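A short worksheet on the structure shown next.
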Amino acid sequence: MGNCCEHFRNFFCGNKNTNVRVSLPAVCFVWQIAMIVLFGVFIRYDEESDSHWSEVKKHHNISSDIENDFYYRYPSFQDVHVMIFVGFGFLMTFLKRYSFGGVGFNFLIASFGLQWALLMQGWFHTLDHSTGKIYIGVESLINADFCCAGCLIAYGALLGKVSPVQLMVVTLFGITLFAVEEFIILSLLHCRDAGGSMVIHAFGGYYGLAISWVLYRPNLHQSRRLNGSVYHSDVFAMIGTLFLWMFWPSFNSAITDHGDGQHRAAINTYLALASSVLTTVAISSMSQKKGKLDMVHIQNATLAGGVAMGTAAEFMITPYGSLIVGFCCGIISTFGYLFVSPFLEKYLKLQDTCGIHNLHAMPGMLGGFIGAIVAASATEEVYSKEGLISTFDFEGKFENRTVGTQGGYQAAGTCVSIAFGLVGGAIVGLILRLPLWGGPADDNCFYEEVYWEVPEEEESIPPILEYNNHMIHKHPDISESNFSVDQN
Amino acid sequence: MGNCCEHFRNFFCGNKNTNVRVSLPAVCFVWQIAMIVLFGVFIRYDEESDSHWSEVKKHHNISSDIENDFYYRYPSFQDVHVMIFVGFGFLMTFLKRYSFGGVGFNFLIASFGLQWALLMQGWFHTLDHSTGKIYIGVESLINADFCCAGCLIAYGALLGKVSPVQLMVVTLFGITLFAVEEFIILSLLHCRDAGGSMVIHAFGGYYGLAISWVLYRPNLHQSRRLNGSVYHSDVFAMIGTLFLWMFWPSFNSAITDHGDGQHRAAINTYLALASSVLTTVAISSMSQKKGKLDMVHIQNATLAGGVAMGTAAEFMITPYGSLIVGFCCGIISTFGYLFVSPFLEKYLKLQDTCGIHNLHAMPGMLGGFIGAIVAASATEEVYSKEGLISTFDFEGKFENRTVGTQGGYQAAGTCVSIAFGLVGGAIVGLILRLPLWGGPADDNCFYEEVYWEVPEEEESIPPILEYNNHMIHKHPDISESNFSVDQN
Amino acid sequence: MGNCCEHFRNFFCGNKNTNVRVSLPAVCFVWQIAMIVLFGVFIRYDEESDSHWSEVKKHHNISSDIENDFYYRYPSFQDVHVMIFVGFGFLMTFLKRYSFGGVGFNFLIASFGLQWALLMQGWFHTLDHSTGKIYIGVESLINADFCCAGCLIAYGALLGKVSPVQLMVVTLFGITLFAVEEFIILSLLHCRDAGGSMVIHAFGGYYGLAISWVLYRPNLHQSRRLNGSVYHSDVFAMIGTLFLWMFWPSFNSAITDHGDGQHRAAINTYLALASSVLTTVAISSMSQKKGKLDMVHIQNATLAGGVAMGTAAEFMITPYGSLIVGFCCGIISTFGYLFVSPFLEKYLKLQDTCGIHNLHAMPGMLGGFIGAIVAASATEEVYSKEGLISTFDFEGKFENRTVGTQGGYQAAGTCVSIAFGLVGGAIVGLILRLPLWGGPADDNCFYEEVYWEVPEEEESIPPILEYNNHMIHKHPDISESNFSVDQN
């Protein structure tokens, strides 16, 4: 069976040509032009961002501009935006020679992804069938950023092993799959998943893992000297970690109900994250002979509490419940980095550069089931009658759903997201094996000179303590010859 | 003619003395004390930040504290603040040996500039003639930060080639000119320019370019080994790029109308920026033999969409219109880095360290004209009657202005800003040529040891893998002698 | 006397064993489990974050969700959160070989501290005696973050000289002492201290200094080659500085009164900080032979204005008053780095790694007295009758307090905070001298390989310009042997 897979994998594997001078511009131009055309046909401002707003205010008897959804959600939107571009981007700068690729390709695919997400999510969720238009506002922007997060998580598993063109393909299909599974989970199954444990993390995680499994490189060890960090690249990665960690309460509360919904989601996430840090440190220290901490754990497993609270954050999980979730997920995620990732690589042939299995896939799945349990155990006493209805949106055709049923559907939603991730990822992985996309050779992985102009080494900087005008004037040949590589 | 300019330039050029021990403290103290005196005479809290607010609330029948402008604008203000200090500051850390100067001098001149801007903008825009006082609130702080942005853009052209004292002079005159041109454009011509394509970017860009042209250094090639980046300095610069990129929607929406105005400006800017990223990547990749990306383009040209939306963001430019603007500006700006900057340097003797011509001057000018076109094509149908009046502020003596006339004035405003930048910059450039300011010699440009205490080289850190207590104890002389440079 | 202290210090000093493999996990697990249990017993959502909110709204006749305190305070909370984790964390990355420790241990102790702070501050301030529960909302989260700030300041004095276990002890006692002194100052003495000049900065500063004094290491010079920065670590530290500087207006306004209180506190802090930057630059430049700037001053003393405005920011100190405060504190703090710190180290045996005496202790104390003076000189004319009452909270049993009395109590509060810091710190210092905690040896201070797995040196990266597939294939032995240290 393993042999069969091996053959199957090799079938598509041609000679490596990493020149993307035609394919990358072509993909960018064609897709961006397509976006413009589709936006022209479909996308319009919603009533809160259209200049007819003053009429809407009168019509709906809204007393003040502060009631515009912008003021409820814009601060959270900006926090989420920082998480997507700086958080995910810098978290992936930890490799010694792939920092440009980590932060730069993250920038590229998120910028494409958010446009495509506005369209896909619009078609599935907010298309006005009478006019055939999609009306967007600040909540749409948040959802588009969320949608990108799924693809960026998948990028974490592929980091250093794929070309930018492949990443654009991953994003195109990832956003499409995301919108479909989100529609099934949120609309058909009527699950609640404000922070996206299921629809973002479980889906994105398994999507990336499935792609990575199909793209298995048996000779990746040829690049293993580059698959690691240096001192300052680890500090850069901490920028990503901290911005993710700090703004996760905004992530989980960005699109929850106005008022107590946003308030409670922020508190719960804040507590779960704090708890994760302590257990991550504990396990990391225990795992080393001398009790030393490992930066990989601190950079990643500390975030697991936020992932796992994605579904339950808006529920009445209680403050100590949040701490318990964070406590467990910090442990599980750190164990994942210590034992599960090496196991997966060795026995399942799964190469997961950033360990997204430990940070997103597993905690996301757990978060989905935690959400199911918390939903199933909700009572009118704890939530109040009105609170129960608004928290779980038991309105319209879901008016008579019980919390027990809701819990069941939440669990089902988790399974749907995983299934979409695995099947979708396997298919996308096969597409990526076509020898069209300019992926790097096995001995050039994690090495960004393949796709980036990289400046000369630090060693060629003139030593500061010795260098002065004098020396230059005495030895013009040195100053001219040694330092003649002009980068700008 | 060129020869004549040459002579003129050399006239002022004496021997280089970079000691600023007297001039820098003198400028800082005198100007800061002047600020204190002028603030004492002129600046007071406005009615929303004064403790008489509770009386004002009663008087104006305001029902809630949330109606205080603080809650409408403070989150955007903080985003703008981050752009000014971290965004512009870190964008200028890309040089291998000028990171302290990039972020540190940016910090200095913005901190001075915002105080002077509160005064200058206050005198021109919000001076209460009955009391002779300027009343400040959160919107004043945003405007002061905006005003600094103009000078920081100019700094981009001068980076590495001027002393901190010269930068303070650039800022003093820059803020002054800014306030005057802003008064002409916004008050006299009654243009709309919420995100400042004209008043900030076109003005700041041409102001910096004119200064740089006057300060042309024919022997700058002597420093060319330092006019480039190293690996980690490029990653630092990405911090600047990303914070500018992410918060640009806040920049363009910070002072637009409450409600739909802020909401729409944020959406439009978000879309234009996303579109810029894709076309920047496409052109950057096409320009290299092997399709490799250039960090200079990714760091800068991706932002061009935000610059160009500065005027039109609050208009009903439509979502696909925003994408088109971003699409074009990403291309134009990247072409600028590839072809225009080398051309300007070679034929116009214009040395533009950060390429502000491509990122600010040209897209800013374009943004002004885009704003003019969008304004001229506004209709009551699209905006609604009330929306048209509030968007273009057709009130008071401008009640009867048509959108066509408005478009004409917008275009005129763009020309005014460019003229102010060029003429003002040329004059300030001449002032900077006086041999008083401690500018660096041609072979010491882009080299910050001239103005900063710089720590010893990384090479002198004890190698981690070999170093241990043992070795130290065996060779106490090594540990004492080699590492004796104490920095703290 | 000095000799006596010396003996006392040495009494506790055993052989150094830096293995924390048992103690660190034990402390993390035990304390985190204790938090969960105590949260289970005591902590509940407050009425604005509980799902009964819709009933509360009806009951109190609140018209809109936007009146939920979340919308008043959440943006400021996130800014404060960034200050605590990125601001303080990155400010402490300046050491050449302690960046992981700076940002990582900061992360650990703040994550523990905020949980313990929610409990301690809850017991003292918001415990509902009828139910025996503490009800938390967004304001509680801000206060918990504030509480951590006190301990992080103390960490600044200890940076590089203590083990993570010792830091956990410092935090446990620090939070406890903080809650007690805060209760005395804010509740018993009824002082106003929104930004915490007294309760946070003066307390935290003297607490850290007292600990450091007790932990004096006579042979610290053995590590002095590591007690300094390298080029890029100074740039990392500027990230911390700038995020602290930019968000300080949010810090000082986060828990002031809704409306004009928050608005005015933000403006005052913004101005004081700007003024600090100019005088810091001036003094720093004057202090060097050639007028060069010192990064240590720019990184720290520029923030002194924000510290000193912690108490007075919400008062009517006037804009020029704020500038004066910043002006003086920039000077005092820079002088502190130049003269006071070396003096303290030489004559008082006080080793203060980050110079918190100059940035927190001294400006915090000054801020307390400035607050006292401004309070004492308040008049009904300036504040309005209602404004005076709301600003100083002259209600209930403090209804008849005069501003003069208030000024006296403010001054007394400052003294209380200093006393708590000094006495508490001395006691905690003694506890830390027990040979249980795994502190580093004198020749291993400021060196993080003691507590962290550190990646190999940058030197072992393959040189980019020479490295290519060719070379690898020709010399497989090189690629395999030299680069065989795999870090991930």
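The values are calculated or read from the model by the stated rules, or taken from the named source; none is laboratory data. Since we're looking at a predicted model, the values are computed, not measured. Backbone-built Cβ (ideal geometry, glycine too); neighbour counts: all protein chains shown. Areas reflect the complete protein model, heavy atoms only, side chains present, ligands, DNA and RNA absent. Shrake-Rupley method; radii C 1.70, N 1.55, O 1.52, S 1.80 Å.
First select every other residue whose beta carbon is under 9 angstrom from the beta carbon of B:R21; then total the charges, Lys and Arg +1, Asp and Glu -1.
+3
Along Cα→Cβ, 7 Å out, is where each label goes; now give me the distance between the ones at A:K58 and C:H59 in nm to one decimal.
Spacing of the two 7 Å Cα→Cβ label points: 4.0 nm.
What is the average number of partner chain Cβ atoms found within 10 Å of a Cβ in B:158-168?
For peptide B:158-168, the averaged partner shielding equals 1.
Just for the protein assembly as shown, what percent of DSSP beta bridges are antiparallel, to the closest 5?
If we restrict to bridges inside the protein assembly as shown, about 35 percent are antiparallel.
Please work out the C-alpha center-to-center distance from region A:394-433 to region B:224-291 and express it in whole Å.
Each part reduced to its Cα centre gives a spacing of 35 Å.
Go through region A:75-84 residue by residue and turn each phi into a ³J(HN,Hα) via Karplus (6.51, -1.76, 1.60, θ = phi - 60°); whole Hz please, and just put x for glycine and proline.
Per-residue couplings from phi come out as x, 5, 4, 5, 5, 4, 4, 5, 4, 5 Hz.
Got a sec? What order do B:Y409, A:Y207 fall in by accessible area at 1.4 Å, biggest, i.e. largest, first?
Working: B:Y409 85, A:Y207 0 Å².
The most accessible residue leads, giving B:Y409, A:Y207.
Find the all-direction average of the projected area of the Cα convex hull for the protein assembly as shown, expressing the result in square nanometres with one decimal place. Present the calculation step by step, with values, prior to reporting the outcome.
On the way: hull surface 201.8 nm².
Directional mean of the projected Cα hull area for the protein assembly as shown stands at 50.4 nm².
Report which residues of region C:231-248 become buried by 10 Å² or more of accessible surface when going from the isolated chain to the complete set of protein chains (1.4 Å probe; DNA, RNA and ligands ignored).
Checking the loss per residue gives C:Y231, C:H232, C:D234, C:V235, C:F236, C:M238, C:I239, C:L242, C:F243, C:W245, C:M246, C:F247.
What list of whole percents do you get for P(r) of region B:63-217, with Cα-Cα distances grouped in 10 Å bins up to the one holding the largest distance?
Reading upward from the zero bin: 11, 38, 34, 13, 3, 0, 0.
Of all the accessible heavy-atom surface of chain A, with the other protein chains kept in place and a 1.4 Å probe, what percent is carbon and sulfur?
Numbers: 9320 of 15080 Å².
Answer for chain A: carbon and sulfur cover 62 percent of the accessible area.
Can you tell me what the convex hull of the Cα atoms of region B:128-234 projects to on average, as an area in nm²?
Details: hull surface 38.2 nm².
Dividing the Cα hull surface by four gives the mean projection, 9.6 nm².
Exceeding 28 Å between C-alpha atoms, which entries from my cross-link table qualify? They are B:K289/C:K96; A:K96/B:K289; A:K96/B:K346.
Pairs exceeding 28 Å: B:K289/C:K96; A:K96/B:K346.
Give the long-range amide H neighbours of B:C354: residues separated by 5 or more places, or on another chain, with amide H under 5 Å away, using H modelled in the peptide plane at 1.01 Å from N.
B:A157, B:L159
Restricting to DSSP H runs of at least four residues, report the calculated mean residue ellipticity at 222 nm for chain A, -39500 (n - 2.57) per run over all residues, nearest 500 deg cm²/dmol.
-18500 deg cm²/dmol
Order of A:283-290, B:365-372 by packing, highest average Cβ count within 10 Å first? Could the numbers behind the result be given before it?
Numbers: A:283-290: 19.2, B:365-372: 26.5.
Highest to lowest by the protection proxy: B:365-372, A:283-290.
Distance in whole Å from the A-onto-B rotation axis to the closest C-beta of chain A, together with the residue it belongs to, please.
Smallest Cβ distance to the axis, with its residue: A:P75, 3.
When N is the residue count of region B:60-114, what does its C-alpha Rg come to as a fraction of 2.2 N^0.38 Å?
Working it through for region B:60-114, the quotient is 1.67.
Using a 10 Å cut-off on Cβ to Cβ distances, tally the other chain neighbours for every residue of C:132-140 and report the average as a whole number. Please report the intermediate quantities before stating the final value.
Details: counts 0, 0, 1, 0, 4, 5, 6, 0, 1.
Mean inter-chain Cβ contacts per residue within 10 Å come to 2.
What whole-number value in Å² describes the accessible area per residue of the protein assembly as shown for a 1.4 Å probe?
I get 31 Å² per residue for the protein assembly as shown.
Mind listing the label-point distances from A:I373 to the same position on all other copies, shortest first, one decimal in nm, points 7 Å along Cα→Cβ?
5.9, 5.9
Could you order peptides B:239-245, A:51-57, B:261-267 by the average number of other Cβ atoms within 10 Å of their residues, highest first? The partial results should precede the final answer.
Working: B:239-245: 25.0, A:51-57: 20.3, B:261-267: 28.4.
Result, highest mean Cβ count within 10 Å first: B:261-267, B:239-245, A:51-57.
Take A:N219 and C:L430, extend 7 Å from each Cα along the Cα→Cβ direction, and tell me the distance between the two endpoints in nm.
6.9 nm
To the nearest 10 degrees, how steeply does helix A:403-433 sit against the main Cα axis of chain A, on a 0 to 90 scale?
Approximately 30 degrees, to the nearest 10.
If the cut-off is 16 Å between C-alpha atoms, which aspartates and glutamates fall inside it for A:K290, apart from same-chain ones fewer than 8 positions away?
C:E448, C:E449, C:E453
Need one value for C:52-59: mean number of C-beta atoms belonging to other chains within 10 Å of its residues' C-beta atoms.
The per-residue average across the peptide is 5.
Taking chain A as the reference, fit the longest principal axis to its C-alpha atoms, fit the long axis of helix A:2-11 to the helix C-alpha atoms, and give the angle between the two in degrees, 0 to 90, nearest 10.
It is inclined by approximately 70 degrees.
Quick one: ranking A:V296, B:V169 by accessible area, 1.4 Å probe, largest first, what do you get?
Details: A:V296 35, B:V169 5 Å².
Accessible-area ranking of A:V296, B:V169, largest first: A:V296, B:V169.
Work the Kirkwood hydrodynamic radius out for region B:338-425: mean of 1/r over every pair of different alpha-carbon atoms, inverted, in Å.
After inverting the pairwise mean of 1/r, the radius is 15.2 Å.
With a sphere of radius 12 Å drawn around the Cβ of A:F394, what net charge do the other residues whose Cβ falls strictly inside it have (Lys, Arg +1; Asp, Glu -1)?
-1
With every protein chain in place, what's the accessible area of B:L348 (1.4 Å probe, Å², nearest 10)?
Counting only protein heavy atoms, the figure is 80 Å².
Just in region A:177-232: which trypsin sites (Lys or Arg not before Pro) are loop by DSSP and have at most 15 other Cβ atoms within 10 Å?
Here no loop site has a sparse enough neighbourhood.
On a 0 to 90° scale, report how tilted helix B:319-335 is relative to the longest principal axis of chain B, with both axes built from alpha carbons and the result rounded to the nearest 10.
30 degrees
Which distances in nm, rounded to one decimal and ordered from shortest, link the label point of C:L188 to the equivalent label points in the other identical copies, with labels set 7 Å from Cα toward Cβ?
Here the equivalent label points are 6.5, 6.5 nm apart from this one.
Measuring nothing but label to label, 7 Å from Cα along Cα→Cβ, what are C:E345's distances to the other copies in nm, shortest first?
Its label point is 4.3, 4.3 nm from the equivalent points in the other copies.
Among the listed pairs B:K57/C:K397; B:K161/C:K292; B:K133/B:K385, which are separated by more than 25 Å between their Cα atoms?
Values: B:K57/C:K397 27 Å; B:K161/C:K292 16 Å; B:K133/B:K385 36 Å.
Exceeds cut-off: B:K57/C:K397; B:K133/B:K385.
List the residues whose amide H sits under 5 Å from the amide H of A:Y45, counting only those 5 or more places along or on another chain, with H placed 1.01 Å from N in the peptide plane.
Residues meeting the amide H criterion: A:I136.
Grab the eigenvalues of the alpha-carbon gyration tensor for region A:189-339, scale each by 5, take roots, and send me the semi-axes largest first in whole angstrom.
On the way: eigenvalues 173, 77, 37 Å².
For region A:189-339, the semi-axes come out at 29, 20, 14 Å.
Put one equal scatterer on each alpha carbon of region C:18-148, apply the Debye formula with no solvent term, and list log10 I(q)/I(0) at q = 0.12 1/Å to two decimals.
-0.61
Translational D (Stokes-Einstein, µm²/s) of chain C at 37 °C and 0.692 mPa s when Rh comes from the Kirkwood sum over C-alpha pairs? Before the final figure, lay out each step's value.
On the way: Rh = 23.8 Å.
Result for D is 138 µm²/s.
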